[in-house]
Every structure is written in structure tokens, then in C-alpha cells.
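One structure is given below, encoded as C-alpha cells.
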Amino acid sequence: MNDGPASSANPAALRETASDACLRVENLHKTYALGRVKVPVLRGVDLSVAEGGFTAILGASGSGKSTLLHLMGGLDRPDRPASGVSSIRYKGRELAGASRSTLDAYRARETGFVFQFYHLLPELSVMENILVASMVRWGLAWPAHRGAATRAAEELVEHVGLSHRKRHRPAELSGGERQRVAIARSLINEPTLLLADEPTGNLDQKTGETILEMLLSIRAARRLTMVVVTHDERTAARADRVVRLVDGRVAKA
Amino acid sequence: MYQFLLTKRYLVSKIMPLLAAVAVILCTAMVLVVWSVMNGFLTMLISSGRTMTGDVVVSWPNAGFAQYQELIDDLRKEPLVKAAAPVIESFGLIALPDGAKKTVRVRGVEGPSYAQVTRYEETLHWRPISEPVEKDVDREDPRLHSISGTSWEEVLDNGRRLVRKGESGRVEPAMVMGIEVSEFNRRQIGGFYVPQQAYQALPNGEYAFVDLFMPRDGKVLLSLAPLDASGRAVEMVSRNLAVANEFQSGVFDVDSSLVLIPLEVAQDMLRMNAARRVVKDPKAKLAAGDGFDDPAEKLVEEPARVTDVLVRGSMDVFRTQDAMQLRAAVERVYERFAERHKGVVPPVHSINILTWEQQNRTMISAVKKETVLLLVLFMIISLVAVFLILAIFWSMVAEKTKDIGVLRAVGASSAGVAGLWVSYGLAIGIVGSSLGLCLAWTIVANINPIHEWLGRAMGIVIWDPRIYYFVTIPNKVEPDKAVIVFVAGVLSSTIGALVPAARAALMHPVKALRFE
Ligand SMILES: Nc1ncnc2c1ncn2[C@@H]1O[C@H](COP(=O)(O)OP(=O)(O)OP(=O)(O)O)[C@@H](O)[C@H]1O
Ligand SMILES: [Mg+2]
């Protein structure tokens, strides 16, 4: 099995995996302060994700899986560690100390997020919920990309099987349908990295399986790198690689 | 761009911010209504003030100046001048038929020339009318009915010429007084007057009943204080004058204190007419055979004088700069005139040449200050709208925390998220201010019917013509003021949205996503 490359005890292995790793995190720390009590959540996470791979992150509730995913997605910044430096590298670019605008651009262009609770904007229709991500990405240049983006959104809606619900509001959709909209939204900007935080956690088993199949087929078709946080062993079983978070670190297999 | 899409959606789906828009509507409408009405009030004040004094006045008070007819002829040749008229300004005392005495401003005028520089003829109140004035629903206006002993046509004509037929049937010079001077007329809500009975207090404590209509049978004793040729006051001169008509300029101050008399009468009573007079001249040497005992006394030929020449511009000189241009033209004409009559008339640097606005600076600036004061007060009230928007947006940002997190997750910058709320505030401002402008325009355009309805339905008469002396409330909205109010409304809504926008911008994306 190839789930233990993060060990610095084997420099040769490290070098070997580093060559095809597109996302590498090293020595990540995150501590939350609850009043005066400090809650250390991540205590030196090392992990590398191969390009085009499907990595599943498992761990007990509260073990810091979401926290790690947010760090990898550029939504949060790691703490400065007591020893050494922490680093998040995506395709050779360092994100740990990057400027806000670099992180904004990274989120808009490179990553797509899928959340457990869908997080659709309630005032917007299905199509608009997908297109809003494209609007965010292009900013004032959006009108020039409007046609292409609309066509891409139509295709995505088609692909996730919601062509007949384009004008509906999220409140009028089932949980599975909402998650399919969220998946379409995460793909509209053609990201290279798909981050999903318990994408099936809020769905019944059968719907969850459909969603998982959909994600897998999309990954294959688009050659996406995919990191999925999950509780579900069956999801983990489909992954190329499974990482377990224990005590704020990646557990050795 | 997502900001516009979300703003559009929020605008139609959220109730609270629409309440903020209502606050903006009310505030902008309120400010614009007050501003328009007060400004209209000022405009009316200035134009009704000009109805009695013309646009520019050349004035040398008390002593007056000679050769005025020549000055008037010169002025009439000036293209900027439409007409000029000689006038004498003085103060006097009148005794009314009920025994009341009043100090008044006395103006000696020639009816026709005075009517050319002012709107004098239009101000003559007693005249034939065929239709009742707008608010006179019960046809109470006496001018609608015939008058015994004379006719309204004759009263109007008497007013124009400042004459009245005496008992002997002879036409005599007569006075036209401000309609509020005698206090024998009662102003009605509709803006017309009804003569009322006056009572004369008797020494025994009883009252005698004075029933007369001034322009038909009223006589007034007018006393003036003339100056002798060396400028010293001499004994008062009194003369009984019939009343020809009464004028209503629309400004209470004028209508209650000004009386007009024929120019010759004023010149005569004030010793300003052309005459041969004996004057004391300490420097004069005794000339053989002039027949005076005192060597300082001599007989001189004095020309007629007036204190003022009123000028009317050939265009409408409502704007200050136009009036100043006319004033400059008048000054040039006067300069040449004074050059020709050196030593006889006041030189150009002594004489007063003033526009109407300069003459009435205090009154106009009082109204202007009042307008500013009211506007400041209402703008302070409008701050409430700013805080309302701030509060509503603050809670909306809280409600939309998760959406903000989602937008950040798909790549929105914190400035972009702030922009969403600023553009939302802008949209509320534009919608609110536009509707506010429409509301203000509707109110101002219909302010008189609305006011009347208030009066009828609830007995509220806010604009009492007996206080404001304008029959109708000004009902024009000036476009430039509307634009200023619009911009201010949009700006203040945007400012109200700034603080909540900053809150949204400072929100941590992960915390926003985890928000429950
Ligand atoms: N803002 C915060 N302040 C304090 N503690 C926090 C904060 N955010 C997260 N935590 C804590 O950090 C720990 C890790 O949270 P995280 O959401 O990453 O866990 P998780 O592994 O995703 O759990 P789950 O499987 O239940 O989603 C939790 O114990 C949580 O209470
Ligand atoms: Mg989690």
C-alpha cells in the first residue's frame, strides 16, 4: 500500500512521491482558542496528494478533518508552528504565507468545494447558483465569458441530471438534487482540485452512492485531483489512498 | 458582477431593506418638499417685492435731485432699460375716518409711468371681476357684485390715475393706499377682501359706527414734513385726500404701511416742486434793487426734484447677475447725466443705485437663512434613515453569514463581498430616492389641493394666507434641487451600508461557513 510516504524517515520515498504530488502539506498546525483554553486540533500534519488521485481523509468526529480541508483549500491559514515551518504547496506554489489575493485566485481557479450541507444561495435559481461561481471568478470581465459559462453550466446541469429544474430555487429541491447542484457549481470554473467535505454525509445510502458515483465519473473524465473527507468506510474503499487523522496527525498505517 | 445579481435578487425577496427604502423615500421627499416650498416662497417674496419698486432704483433720499426728467429720458434710450419713473419717498402721518392715526411710508408717483416700471396696475385690488377667485366658493367677494354710488370700472380707473371725483363733481388728486393700511378690510381665506365696519371710540365711552367704503367715500388727512431749501425741517403740511383705490402687492409689510399719492401733490407738500423761492444765502452780496431788507435773502428759481427714479429692465431680471448688469447700465447713464449737471445733481459716487435685492437684503437673507435652518433640521432627521439602513443591513449581514462564507469559498475577495453590500445600499438608495422624488413632486404639484383638503377634512390650515400673505403655496420643484436631493439620498444610503459592508468583509470565511 502506498499510504505512508509522509514519513521523513525515508528520504528516498519522499523524493519519489514529491515528483508526482500536486498538493503537499507539511507540518501543519492549527489551534483554536476557546476563551483561555487552547484546543490544539492539528499538530503537525504531513500529507501529499498525487495528481489525479483520489484521497479519502478519515477520522473521528472533531479530529480536524474539515479544518485540514479548509487549509488545503486556501480558506484558512495554518498557525506558525513552534518548530520548523509549515507549508502548503500546490503545484509548486506556496500557499501558507501567500497574499490574500493569491488565495482568492487559488480558490476561484484551482479548487472546487463541495460541502456536507450543500451551501447553495437560497435566493438564486439552480442555474444562477452554478453561474455565481463563474461570476466571482471573472469579476468585471464576466460579460465577456458569459456565453461560454452559460453553455458550460447548461452542460453541467445536464450532466448531473437537473435539466428540468434549472429555474428552481434550492428550497424546491431534494437533498440529493441540491448536492448535485453544488457539484455542478464546484466544477464550473474547471478546477484541478476538488475538495469535498462529507459530500454524502447528509444523504441516505442510495442517494449517497449515486453522488459518489457521479464524483468518481467526473474525476475520471476531467482528471481531477480529489480529496474527500468522509466517515463512510465504503467511500474510503473506493479511494486510491486513505489517510486517517488521529491526535492531530496523520496516523501511520 | 455577482454583486449585481444578488442585489437584484435581494431587492425583490427581502422585506426589511424595503423598509429602509421607505425611510429613504420619506426623507428625500420631505427634504425636497420643504426646500421647494421655501424656495418658492422666497421667489414669490422677491417677485412680489419687485411689483412695487421695479428692478433698480436711483435714490437721493430726503433732499432729492433735479433734472430728473432728463435722466429718465436718457435712461429710456438705454437698451437694457424698458422704463423709468420719477418717485418721491417720504414718511408721513395719516388720520383715518375712525380717528386712528398711523405712520406710513408715502410714495409720490405718476400713475402711468409708475405702472410701466412696476406691476402697479395689477395690484389695484378694487376692480371689476367676472369670475370669483379660486377659493371663493360662496361668491362672497364684493367685487362680484355691483357697488352703489359708483362702478368698479370707475374705481379701477381712479386707482390708475390717482384721482377721485369730489362732492362738487370735480376730479381731484387722490391717494391709493395699501389694502391693510386702514384695517377696514378683512382678508378672507381665499385671498380677497371684504370691507368691514369700523368703530370710533368716543370720549363718553361709547362707540360711533363708521360705515364707509374707502375707495368710494373715504378721506384721509395726510401730514408730511417738508424741508426748506437748506435742508432744515419746517412745519408739517397737512392735506385732506380722498382715497381712490387700494393696492395689494402680496407682501404684508408693503400692504400695511405704504400709501401712494400723485407726484405733484408730494412735490407740492414737500416743497420739491418747481417754484421761485426766497432763500437765505449767507454768502450773497446785496444786489441793487432786488427789494429785500436782509442782504442774505434772495429769490431763486428752483427746479422740481424727486428722491428716486425707479428703473425697469427690458428683460426679466430675476437673477442677481442680470439685476447687477442692469444696475451697471443705469450707473453709466447716471454718470453722463451727472457730468452734464455738475454742481446741480449729486455726483455718481454719492448717489445710491441699488437693485431690488440690495434694497431688501435683510428680508431676503432672513428667508434664506430660515430655509437653510429648516434644511439642516430635516437633514438631521434624515440621519435616522442612515442609521436605519445601517441597522437593517447589519442584521442582514448576520442573516447572510453563510452565504458570505460560500462566496468566499468559491473565490470572492473580502473587498468583493463588501462591494455586494455597498451595491445593495446603493440600490436601496437609488430606488428610495427615485420614489422619494416622485412622491415629492406629486406632493408639491398638488400642494394646494392637498392643503385645502386638509383644511376641509380636518380643519388644519397650515398655510394661513392671513399670516403668510400669499394666497397659494408655491408648487414648483426645481430640477437642480431634485438632483441634489437624489444624490444626497443615494449617498447617505450607501454610507449607511458601509459599516455592515466592512463587517462582511472582515468575516473569516471558515467561521462564516460554520455559522449556524
Ligand atoms: N472556531 C472554532 N473555535 C474553537 N474551536 C473550533 C473552531 N472550529 C473548530 N473547532 C474545533 O476544532 C475541532 C476540529 O473541528 P473539525 O470541524 O475540523 O472536525 P471534523 O473532523 O471535521 O469533525 P466532524 O467529523 O464532526 O465534521 C473540533 O473539536 C471543533 O470543536
Ligand atoms: Mg467536519
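The values are calculated or read from the model by the stated rules, or taken from the named source; none is laboratory data. Computed from a predicted model, the values in this text were never measured in an experiment. We place every Cβ from the backbone using ideal geometry, glycine too, and count neighbours over all the protein chains shown.
Remarks
- Residue within the range A:39-62 that is among the polar types (S, T, N, Q) and out of contact with any Lys or Arg (no Cβ under 8 Å at 6 or more places or on another chain) present: yes
- Qualifying residue in the range A:66-86 (condition: more than 13 Å from ligand 1 (Cβ to nearest atom) and in contact (Cβ under 8 Å) with a residue 60 or more places away in the chain): yes
- Considering residues of the range A:43-59 that are touching a His at 6+ places or on another chain (Cβ under 9 Å) and within 10 Å of ligand 1 (Cβ to nearest atom) only, the residue nearest to the other protein chains (Cβ to nearest Cβ): A:Gly59
- Inside the range B:12-27, residues that are more than 10 Å from chain A (Cβ to nearest Cβ) and surrounded by fewer than 22 Cβ atoms within 10 Å (Cβ to Cβ) make up a count of 6.
- Evaluated against (1) over 30 Å from B:Ser249 (Cα atoms); (2) crowded, with 22+ Cβ neighbours inside 10 Å, B:Ser36 falls short on exactly one condition, (1).
- Residues that are assigned to a helix (DSSP H, G or I) and either touching a residue at least 12 places away in the same chain (Cβ under 8 Å) or more than 14 Å from B:Leu407 (Cα to Cα) (or both) were ranked within the range A:105-123; the one that is nearest to the other protein chains (Cβ to nearest Cβ) is A:Ala108.
- Filtering A:Leu173, A:Leu162, A:Leu156, A:Leu203 for residues that are of a type in the set (A, V, I, L, M), within 16 Å of ligand 2 (Cβ to nearest atom), more than 13 Å from every other protein chain (Cβ to nearest Cβ) and within 26 Å of A:Val229 (Cβ to Cβ) leaves a single hit, A:Leu203.
- Filtered residues of the range A:60-86 (kept if away from chain B (no Cβ under 14 Å) and among the hydrophobic types (A, V, I, L, M, F, W, C)): A:Ala60, A:Ala82, A:Val85
- Some residue of the range B:351-373 being under 17 Å from B:Tyr68 (Cβ atoms) and over 23 Å from the mean Cα position of the chain (by Cα): yes
Residue by residue, here is whether (1) at pLDDT 90 or above; (2) assigned by TED's automatic domain parsing to the domain that holds B:Ile392; (3) under 30 Å from A:Arg169 (Cα atoms) holds:
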| residue | (1), (2), (3) |
| --- | --- |
| B:Leu11 | no, yes, yes |
| B:Ala23 | no, yes, no |
| B:Val34 | no, yes, no |
| B:Met38 | no, yes, no |
| B:Phe41 | no, yes, no |
| B:Asp55 | no, no, no |
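- Any chance A:Asp232 is more than 21 Å from A:Glu128 (Cα to Cα), within 16 Å of ligand 2 (Cβ to nearest atom) and either of a type in the set (Gly, Ala, Ser) or within 14 Å of chain B (Cβ to nearest Cβ) (or both): no
- Residue check: B:Val367 meets all listed conditions (1) modelled with pLDDT under 85; (2) touching a strand residue (DSSP E or B) at 6+ places or on another chain (Cβ under 6 Å); (3) not polar (S, T, N, Q) but one, namely (2).
- From the list B:Val300, B:Val311, B:Val348, B:Val333, the lone residue that is β-branched (Val, Ile, Thr) and at pLDDT below 85 is B:Val300.
- All positions within the range A:198-227 that are within 16 Å of ligand 1 (Cβ to nearest atom) and crowded, with 23+ Cβ neighbours inside 10 Å: A:Pro199, A:Thr200, A:Val227
- Close contacts from the range B:488-516, counting a first residue that is in contact (Cβ under 8 Å) with a residue 24 or more places away in the chain and a second that is within 16 Å of ligand 2 (Cβ to nearest atom), with Cβ to Cβ under 6 Å and a gap of 6+ residues or different chains, come to B:Pro509/A:Leu75; B:Pro509/B:Gly405; B:Val510/A:His70; B:Val510/A:Leu75; B:Val510/A:Asp76; B:Ala512/B:Gly405; B:Leu513/B:Gly405; B:Phe515/B:Lys402.
- Residues of the range A:87-104 satisfying the condition of being more than 13 Å from every other protein chain (Cβ to nearest Cβ) and either loosely packed, with under 15 Cβ neighbours inside 10 Å or free of Cβ contacts under 8 Å to residues at least 40 places away in the same chain (or both): A:Lys91, A:Gly92, A:Arg93, A:Glu94, A:Leu95, A:Ala96, A:Gly97, A:Ala98
- So A:Arg167, is it in a helix (DSSP H, G or I), of a type outside the set (S, T, N, Q), more than 30 Å from A:Ala236 (Cβ to Cβ) and away from ligand 1 (no atom under 16 Å from the Cβ): no
- Selection of the range B:150-193 for residues being aliphatic (A, V, I, L, M) and out of contact with any His (no Cβ under 8 Å at 6 or more places or on another chain) yields B:Val155, B:Leu156, B:Leu162, B:Val163, B:Val171, B:Ala174, B:Met175, B:Val176, B:Met177, B:Val181, B:Ile189.
- So A:His145, is it within 14 Å of chain B (Cβ to nearest Cβ) and under 20 Å from the mean Cα position of the chain (by Cα): no
- Subset of the range B:482-516 that is within 16 Å of ligand 1 (Cβ to nearest atom) and of a type in the set (D, E, K, R) - its residue that is modelled with the highest pLDDT: B:Lys511
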